Amino acid sequence: MIKKKYKICVVGLGYVGLPLMLELSNFFDVIGIDADRNRVNELKKSFDRNLEFSKKKLDRICKKVFLNDKKFVLKSNVYIITVPTPVYVNNKPDFRSLLSACKYVSKNLKSNDTVIIESTVSPGTVEGPCKKILNLNKINFNLCFSPERINVGDKEHTLSNLVKVISSDTKAGLKICDEIYNKICKKVYKAKNIKTAEMAKIFENIQRDVNIALTNQGSVIANKLGISFTDVLETCSTKWNSLNFYPGLVGGHCVSIDPYYLIDDCKKKNIDSSIITLCRSYNERFVNLVYNKIVKLIKKIKKPKILLVGLSFKDGVVDFRNSKYIELYKMLKKLFFVRVLESEQPLKKSGIKNVKLDNNKKNLGNYNFIIVCSINYFLKKKIKYIFSNRIKKKYLLNLSSKFKYNKNNTNIKLINF
């Protein structure tokens, strides 16, 4: 009954929209729209450039993916917008894709239709500029906000296993959200209103950014005091309420971006956000601290050969958006011999150029300065070849929370931060 009632159009088929469409297709009549012609053509051939989903899974929806097909779109009565919301070079929010998607939906919107926005925004955006554009035809519709919680590369906290926050400006919209997301998610939580849900989404990622900044600074302090911060964290973990954070470079499309939405909003409204701003700034420039530390150490090594393992912004994914490890690589290669162990095809697909790779397992044991940035399934297969005994001594800087090195290997000199 519910399947026939809701005809859903997912607008934006990236890291958020594609898994959402796949899950919804198990219960509802769903189509997917994307503005990227190449992406649409790839999905029609059941290929996911992000390597998140197999051909077998995509075969179920490949015939329901379109660039822009008004015939199918007009049959929809629920539109779910899942487009990216990045920032400009000056860190100001860039909502162009979102507002463009709203304009596209507004042209097809009918009376009593429902629009659900999943894209991350600053408080007031959904009921402000988004609603204004959606309401161009002056019709009654349900406006909802249900912030995405997709954790790219995480096979445990998938859509079916997470709590989905929903909110709406109408009771009817909240009911529709409830019926749709209850079919595909573990549990649904009804936020008090749309602004609460908007703020909650941003604050989830701000919490992470602040705690990582604290951990990063703690690692620097411990190192200057001659204390292993790895041992410190292991010791801290014995307490029941210890937080599980590791030092590292913060990149990607969420934690390194979302705080800027609130920072910008606070500036406009003269609200103090100094702690959030300070932590974001510290994490943004932490790559310079890592770089300076590496340079200082490498200058003590005769004929250093550096290998960076992984360029993805975090472990478990092949995703290079806003990756600080790419920035670190570019800085290092100006002074030293540097190669990268990383999957070649995803790098090309991402448009990242001028990266010198070495994926030959016969060569990997020849490097004497190893920087483990991030680990994915491709790298796990090859990383064992790095720590062969061809060279007696290797320096290891481990920036990955997933990589566990052999502490009994006396040839490895661990570098702490």
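Of note:
- Which listed residue is touching a Ser or Thr at 6+ places or on another chain (Cβ under 7 Å) and not assigned by TED's automatic domain parsing to the domain that holds Gly252, from Val83, Val40, Val115: Val83
- Just one of (1) in contact with a Ser or Thr (Cβ under 9 Å, 6 or more places away or on another chain); (2) assigned to a helix (DSSP H, G or I) fails for Ile31. It is (2).
- Search result, residues across the stretch 214-239 that are among the small types (Gly, Ala, Ser), under 18 Å from Ser281 (Cβ atoms) and touching a residue at least 60 places away in the same chain (Cβ under 8 Å): Ser219
- Residues of the stretch 8-43 that are basic (Lys, Arg) and either surrounded by 18 or more Cβ atoms within 10 Å (Cβ to Cβ) or in contact with a Pro (Cβ under 9 Å, 6 or more places away or on another chain) (or both): Arg39 alone.
- Flag if Tyr261 is buried (at least 16 other Cβ atoms within 10 Å of the Cβ), touching a residue at least 60 places away in the same chain (Cβ under 8 Å) and either assigned to a loop (DSSP other than H, G, I, E, B) or touching a strand residue (DSSP E or B) at 6+ places or on another chain (Cβ under 6 Å) (or both): yes
- Out of Lys302, Lys293, one residue alone is modelled with pLDDT under 95, assigned by TED's automatic domain parsing to the domain that holds Tyr395, in a loop (DSSP other than H, G, I, E, B) and not polar (S, T, N, Q). It is Lys302.
- Selection within the stretch 300-342 - of a type in the set (Lys, Arg) and under 22 Å from Lys384 (Cβ atoms): Lys305, Lys314, Arg339
- Leu347 in a helix (DSSP H, G or I), buried (at least 19 other Cβ atoms within 10 Å of the Cβ), at pLDDT 75 or above and assigned by TED's automatic domain parsing to the domain that holds Ile294: yes
- Residue in the stretch 233-250 that is at pLDDT below 95 and outside any loop (DSSP other than H, G, I, E, B) present: yes
The values are calculated or read from the model by the stated rules, or taken from the named source; none is laboratory data. Just so we're clear, the structure is a prediction, and the values are computed from it rather than from any experiment. Because the Cβ atoms are built from the backbone with ideal geometry, glycine has one as well, and the counts that use them run over all protein chains shown.
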